[in-house]
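Accompanying notes for the structure given below.
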Amino acid sequence: MKLGWNLRTNQEWYLTSWKTLQDPSSGDYTYRVDPRGLPQLVLRQGAQVQYRSGPWDGLRFGGGPKFSKNAVYDPIFVFDSNNVYYSFVNNDNSIVSRFVVNQSGAINHLTWNERRNEWIVIITLRTDVCDSYAFCGPYGICNVDRPSVCQCPDGFTPRLPEDWARLDWSGGCVRKTPLNCSVAAGFRTFPRLKLPDTAYFLVNRTEMNLVECREACLRNCSCVAYARTEVSGCVAWFGGLLDVRDYSEGGQDLYIKMAASDLGKTLPNLLETISRLICSSTCMLEPVVQKKGIEMQCHAVLTNVLFSFNARLLITEQTVLLQQSYHRIISVHRLTFLFNCSPALAPQGQENPSGELPTGQEVAVKKLSKDSGQGLREFKNEVILYLKLQHRNLVRLLGCCINGEERMLVYEYMPNRSLDLMIFNQTRGTSLDWGKRFNIIVGIARGLLYLHRDSRLRIIHRDLKASNILLDSEMNPKISDFGLAKTFGGNQSADNTNRIIGTYGYMSPEYAIDGLFSVKSDVFSFGVLVLEIVRGQKNRGFCHPDHDLNLLGHAWRVWNEGKPLELVDALMESPAPTAEILKCIQMALLCVQQRPEDRPTVSLVLLALDSENPMLPQPKQPGFYTERFLPDTDSSSTGKKRFSSSNDLTVTMLQGR
C-alpha cells in the first residue's frame, strides 16, 4: 500500500478514518501527503489542518527520528519526478501490522500480538501539544521542554500580551520592527526547527547554495524567511510562519529576515570593522587586505561560522549577532573570542570528540600548532576550499580559529572517527564485514569524483589516506583535510611542484620523484586505500613471512599467482561475495599502475564498482612495489638478507606527515 501521489497520472492514495469503531463509513479525518514543494504528511479534520509531519529532508520528516528498519517493519519514502509516497514492508511473513488513522484522529502503527490476541500500538505520531497545528500561532515557536511552551523568536514580541500571559498563545507573535524595503535588513539563524507551514512559499530546485538562496530572499521585499534542504533546494516563505517547533536534536536551520536595528550594531560599519580586524590580526588574508572589497573577501573565510564561547560572537554570512556590547567585543586581545582558542581545547593534530558549540551541536576540533607540519598556507587553503565544497562524502567545516601560533579547525563530529583507527585496529569479532567495507570504498570514490569533476573547481586532494577518511554514525565515509589540495581551472588536470608534501605509502611515483601531480595521483592513492580496506593492513609497514614486499607488491604477487583471495582480511568473518571482492582488487591494481596514463579515471572506477560484471583490463606493474632493503635483519621473521632496489630513493624535499 502507498500513502501519496503518482505525479504522472495525478493519482492519490490517502487514509480516511472510520466514522466510529462500529461504522466503517468515511469519518472526519484524512491523512494525506502534501506534495507541494516540501513533501509532508498532513492530518485534517474536514478542511481544518490538525497536524503536519514537517518536510521530508531525505532522511526524516521534520525533526523526527531518522527512517530506519525496526523490529516490526522497514519504513520507505519515495520522492522523485514520478512519485511521492510513504510505504512500509513487514520484516517477515509472520508479522501482521497496519498503519491507521482512527475515528479520533490518532495516527498509529499497530502490530498483532497472537499471544494476547489484540492489536498493540508501537508508534504514535501525535504525542504532545506541539504536534497540534499552529499551537503557538504565527511566528511562535513551540518547545515542550520549556516552562513556557510557546516563545517568540528574537526580534519578535507577543501580538496579544495579555492572552500570552494567560498561556493563550494562539495569537502568535509580531515583529518588533516591521520590515521595510528601503531600510537595511539581514537574517537571524534559528537552528533545529521544524520548518514552517504557510500558504505562500516558493521552492527553487536548482543548485542554489545557501548564499545564493539568501540573496534571492533579500532581494524580494515579500520574502520573510528562507531555508535550504537537500531534497528541495532553496525554499523561501512569503507570509506568517506557522507551526514551528524547536527540537533538542535534528530539525533544520531557518533564516528569518530581520530589520538591521533588531540584529544589533551589525551592518555595514561594524561588519567591515570586525572583518578588517580579523583579516589583519590573523594575517590569514593579508594579500587580500590590500585589494578592493576586503570585507567580502574576508567573508569568503567567515561564511557560516566563527564561534565564541566567551564573547558570544557569531558571524553568519554578512550578519553579525552580538550578545554583548560592541566595545567589549573589539577590546578582546587578538580576537581570541574566535572559538575561544584555548590550547587545552584540542590535542595537537587530533580531533576532540567532546567539544560542543553553544547550540549544543557536538563537534570535532583539530588543533594545528606551529610544530604540526601544517603552516599558514595549508590552513588558509583548507578553510577556503571547505567553504566551496558541499558533498555527502566530504566532511563539513563548521568553523576556524587563529590565536597567535595556534590554529584550529572545527568540523562536524564523526562518531566512528577515522578509517585508519577502524580498519587497522580490528580484532576477531569486531572486524568490519564486507558490506561496510564496500560501502566505504564506493563513498570515497563518489567524494573523489565530486572533487575531480563535479565541483565548481577541479580539485586534487594530494593527501588521500586512511586517516583522512572519517566515518559518521552509519559508517558513511567523508574525505577530510584539504590543506594540501590544489585547485585547477578550465581543462587543466595536471601540474608540478618543487614542494613535495604528502604521506609515504600513498604518494604516486611521479609525484614523489618528480613533483608531478594530477587527478591520476589521487587515483593512485585511492587504489592503495582500497587494497588496505580489503586487507585490513597498511601498505607501508606491511609484513609477510615469505617476502619483504609492501602491500602493493604482495597484491601484485598473489594476483599473478592466481590467488588474489589470499589478500582478503583473515579477520573478516562474514561470508562475502567473491566476485565483488575480486572486482575491487583488480580495480585497485589498475589504480596503482606505474604509469599515470594507464590508471583509470574516478568516473570509470565508479562505473566498475556499480556494475555487476565489468569488463576490466588486466593490470600492469604497480609503482613502488619491489622488495625493500631493511638493514636490521633481525626484524624480519624470515631472518634472510634484504637487498636494495631502485625504489629506495632519497628525495631531500619530501616531507612526509
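Among the strands (runs of 3 or more DSSP E) confined wholly to segment 32-85, which include 1 or more residues that are touching a helix residue (DSSP H, G or I) at 6+ places or on another chain (Cβ under 6 Å)? Full working, then the answer.
Working: elements: 40-45, 48-52, 73-79.
Of the strands (runs of 3 or more DSSP E) lying wholly inside segment 32-85, those with at least 1 residues that are touching a helix residue (DSSP H, G or I) at 6+ places or on another chain (Cβ under 6 Å) span 48-52.
In this structure, does Leu589 turn out to be surrounded by 13 or more Cβ atoms within 10 Å (Cβ to Cβ), touching a residue at least 40 places away in the same chain (Cβ under 8 Å), assigned by TED's automatic domain parsing to the domain that holds Met507 and outside any loop (DSSP other than H, G, I, E, B)?
Spelling it out, Leu589 is indeed surrounded by 13 or more Cβ atoms within 10 Å (Cβ to Cβ), touching a residue at least 40 places away in the same chain (Cβ under 8 Å), assigned by TED's automatic domain parsing to the domain that holds Met507 and outside any loop (DSSP other than H, G, I, E, B).
Pick from Ala106, Ala71: which is under 19 Å from Ser17 (Cβ atoms), surrounded by fewer than 17 Cβ atoms within 10 Å (Cβ to Cβ) and either within 28 Å of the chain's Cα centre (by Cα) or not β-branched (Val, Ile, Thr) (or both)? Show your work before the answer.
Details: Ala71 fails: under 19 Å from Ser17 (Cβ atoms).
Selected residue: Ala106, the only one of Ala106, Ala71 that is under 19 Å from Ser17 (Cβ atoms), surrounded by fewer than 17 Cβ atoms within 10 Å (Cβ to Cβ) and either within 28 Å of the chain's Cα centre (by Cα) or not β-branched (Val, Ile, Thr) (or both).
Return a yes/no flag: does segment 121-139 have any residue that is surrounded by 15 or more Cβ atoms within 10 Å (Cβ to Cβ), in contact (Cβ under 8 Å) with a residue 24 or more places away in the chain, over 25 Å from Tyr247 (Cβ atoms) and of a type outside the set (D, E, K, R).
So far as segment 121-139 goes, no, none of its residues is surrounded by 15 or more Cβ atoms within 10 Å (Cβ to Cβ), in contact (Cβ under 8 Å) with a residue 24 or more places away in the chain, over 25 Å from Tyr247 (Cβ atoms) and of a type outside the set (D, E, K, R).
Looking only at segment 149-174, filter to residues that are of a type in the set (Asp, Glu) and assigned to a loop (DSSP other than H, G, I, E, B); which one of those is surrounded by the fewest Cβ atoms within 10 Å (Cβ to Cβ)?
In this case the residue turns out to be Asp168.
Could you please tell me which pairs satisfy a Cβ distance under 8 Å, a separation of 6+ or placement on different chains, a first residue in segment 99-119 that is among the β-branched types (Val, Ile, Thr), and a second residue that is not in a strand (DSSP E or B)?
Ile107/Leu125; Ile107/Arg126; Thr111/Val72; Thr111/Ile95; Thr111/Val96
Hey, any hits in segment 573-583 for a residue that's modelled with pLDDT of 90 or more, under 19 Å from Phe624 (Cβ atoms) and surrounded by fewer than 19 Cβ atoms within 10 Å (Cβ to Cβ)?
No: segment 573-583 contains no residue that is modelled with pLDDT of 90 or more, under 19 Å from Phe624 (Cβ atoms) and surrounded by fewer than 19 Cβ atoms within 10 Å (Cβ to Cβ).
Can you tell me how many residues within segment 113-148 are part of a loop (DSSP other than H, G, I, E, B) and farther than 19 Å from Pro191 by Cβ?
16
Given Glu510, Glu566, which one is charged (D, E, K, R) and over 24 Å from Asn468 (Cβ atoms)?
Numbers: Glu510 fails: over 24 Å from Asn468 (Cβ atoms).
The conditions single out Glu566.
The values are calculated or read from the model by the stated rules, or taken from the named source; none is laboratory data. Predicted, not measured: the structure shown is a model, and the values here were computed from it. Quick reminder, even Gly has a Cβ in these numbers, built from the backbone with ideal geometry, and neighbours come from all protein chains shown.
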